[in-house]
1. Counting only residues that are open to solvent by less than 30 Å² (accessible area, probe 1.4 Å) and over 12 Å from Tyr126 (Cβ atoms), how many does region 89-111 have?
2. Determine, yes or no, whether Val81 is aliphatic (A, V, I, L, M) and free of Cβ contacts under 8 Å to residues at least 40 places away in the same chain.
3. Taking only region 14-46 into account, find how many residues are surrounded by 13 or more Cβ atoms within 10 Å (Cβ to Cβ) and either farther than 30 Å from Asn168 by Cα or of a type in the set (D, E, K, R) (or both).
4. Looking at region 131-149, is at least one residue part of a loop (DSSP other than H, G, I, E, B) and in contact with a helix residue (DSSP H, G or I) (Cβ under 9 Å, 6 or more places away or on another chain)?
5. So which residues in region 92-138 are within 25 Å of Cys26 (Cα to Cα), of a type in the set (Asp, Glu) and free of Cβ contacts under 8 Å to residues at least 40 places away in the same chain?
6. Name every residue in region 4-50 that is in contact with a Leu (Cβ under 7 Å, 6 or more places away or on another chain), outside any strand (DSSP E or B) and hydrophobic (A, V, I, L, M, F, W, C), in order of residue number.
7. Which condition breaks for Ile114 when tested against (1) in contact with a Phe, Trp or Tyr (Cβ under 9 Å, 6 or more places away or on another chain); (2) closer than 19 Å to Ile21 by Cβ?
8. Hey, among Ile114, Ile86, which residue is crowded, with 16+ Cβ neighbours inside 10 Å and of a type outside the set (Lys, Arg)?
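The values are calculated or read from the model by the stated rules, or taken from the named source; none is laboratory data. Here the structure is a predicted model, which is why all the values come from computation and not from measurement. Cβ coordinates were reconstructed from backbone atoms using ideal geometry, including for glycine residues, and neighbour counts include every protein chain displayed. The protein model used for the area step is the full one, side chains on, heavy atoms only, and it has no ligands, DNA or RNA in it. Shrake-Rupley method; radii C 1.70, N 1.55, O 1.52, S 1.80 Å.
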Amino acid sequence: MPVECHALVAYLQERGIPPEISKAHCQQIHYSCRGKRYYAVAFTNESGGQEMRSRYFKGCISPKDISIRRIRDGPSTECAVSEGFIDYLSALTLGIIGADTIILNSVGNVNKAIPHLRDYNTIHCYLDNDVAGKTALAQLTERFGTKVIDRSTLYLGYNDLSEYLTQN
């Protein structure tokens, strides 16, 4: 179901994500926990799991995995790597991603992304400006060398692309 709930649309707009971006790339999901009903913005991963966000919740309906978004059916020479789907939506909002994208959905998923990154000539990394993001960047740089370009300098002074979008 498309993201239509007023509270979820408002949450995403507070994060700088316009409704046309969220409706094109996300779903609205309803779920239960301990007998109570909730809803969240959902983003599907490669294993059919759902990465979920709302103003009050950040989690996943397993299995946890990366998400891949391709811009065309054929091969592409460039790929972007984003830490989470809100950062991916932020990049789309800012118009800075025009390539295939792998969303890690957790820096712990870097190794799951590696087989998918092998055939790209350039890997643009939009990872967080924190220890975990820098560690993930180092892992990718160690594996792919000069193919990796650190794009976090675009939002230097901010933790991530989402924070940069909301503050500017």
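1. Final tally of qualifying residues: 4.
2. Values: aliphatic (A, V, I, L, M): yes; free of Cβ contacts under 8 Å to residues at least 40 places away in the same chain: no.
When the stated conditions are applied, Val81 does not pass them.
3. 5
4. Among the residues of region 131-149, not one is part of a loop (DSSP other than H, G, I, E, B) and in contact with a helix residue (DSSP H, G or I) (Cβ under 9 Å, 6 or more places away or on another chain), which makes the answer no.
5. Asp100, the sole residue that qualifies.
6. Ile17, Ile21
7. Of the numbered conditions (1) in contact with a Phe, Trp or Tyr (Cβ under 9 Å, 6 or more places away or on another chain); (2) closer than 19 Å to Ile21 by Cβ, the odd one out for Ile114 is (2).
8. Only one candidate passes the filter, namely Ile86.
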